[in-house]
Structure formats: structure tokens, C-alpha cells
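The values are calculated or read from the model by the stated rules, or taken from the named source; none is laboratory data. Please read all numbers here as calculations on a predicted model, not as lab measurements. Neighbour counts are summed over all protein chains in view; Cβ atoms, including those assigned to glycine, are modelled from backbone coordinates with ideal geometry.
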Amino acid sequence: MTTDQLREVLQRVAGEDETIDLSGDITDRSFEDLGYDSLAVLELSNQIEIRYGIKLLDSSVVDAVTVRDFLELVNTTLAEGAGQDAGASDPSSGALA
């Protein structure tokens, strides 16, 4: 997931709130600084789970203070899921398909 892809989802979560500014480099900005409270970040997590078919642990989501933290969490989770999918289809992995 890229910053721009996350920015799209952030805009959807913000809805009509015009006070939220997602322009420029937001990578190292905190969600609080961007105007997102903890409930909005959990909603962001839900939207990412739906869009990408992954499960993010609420405790990990809460620990993701900045956009960079959240992107790393999502991308790590996506990579782990891809690794599990590859292992499940590889007969030499010993995993059942």
C-alpha cells in the first residue's frame, strides 16, 4: 500500500470534514495532527481490512501513531498474508491446501 492509496481511504473516512488537510507529505504526521481520533483510526483499519482482505489487530492499530507506522503495519500484514498464501499452495511447504 502506498501513501497515496492510504490518503484515498483517509479521505473517505473523513467524509465531509473540510478541516482535515491531507495535502503534501503526510507520512510522518500523526493521525491526531491530521485530525483523526482513535475511533476514526479504527474505522480506517476496518476500511483497509475490507479493501485488502486482511485483519489488523486493534492493539497494533492503536500503536500506529503516524501514517508511516500505519503503512508499515498494513504492508507487513499484506506481506505475511502473501507468504502464507504461497506456503499453502506449495506442496513442499508441508502446509495443507
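The table that follows gives values for the structure above.
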read-out: Filter pass, GLN11 being without any contact (Cβ under 8 Å) to a residue 12 or more places away in the chain and either in a helix (DSSP H, G or I) or over 18 Å from LEU73 (Cα atoms) (or both); value: yes
read-out: Qualifying position, being surrounded by 15 or more Cβ atoms within 10 Å (Cβ to Cβ), modelled with pLDDT of 90 or more, outside any helix (DSSP H, G or I) and on the phi < 0 side of the Ramachandran plot, among LEU22, LEU6, LEU73; value: LEU22
read-out: Residue in segment 64-84 that is touching an Asp or Glu at 6+ places or on another chain (Cβ under 9 Å) and of a type in the set (Asp, Glu) present; value: yes
read-out: Search result, residues across segment 25-34 that are outside any loop (DSSP other than H, G, I, E, B) and hydrophobic (A, V, I, L, M, F, W, C); value: PHE31, LEU34
read-out: Restricting segment 47-70 to residues that are within 23 Å of ALA14 (Cβ to Cβ) and among the charged types (D, E, K, R), the residue that is modelled with the lowest pLDDT; value: ASP58
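Results for (1) loosely packed, with under 13 Cβ neighbours inside 10 Å; (2) in a helix (DSSP H, G or I), shown as yes or no for each residue.
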site	(1), (2)
TYR36	no, no
LEU39	yes, yes
SER45	no, yes
LEU56	no, no
SER60	no, yes
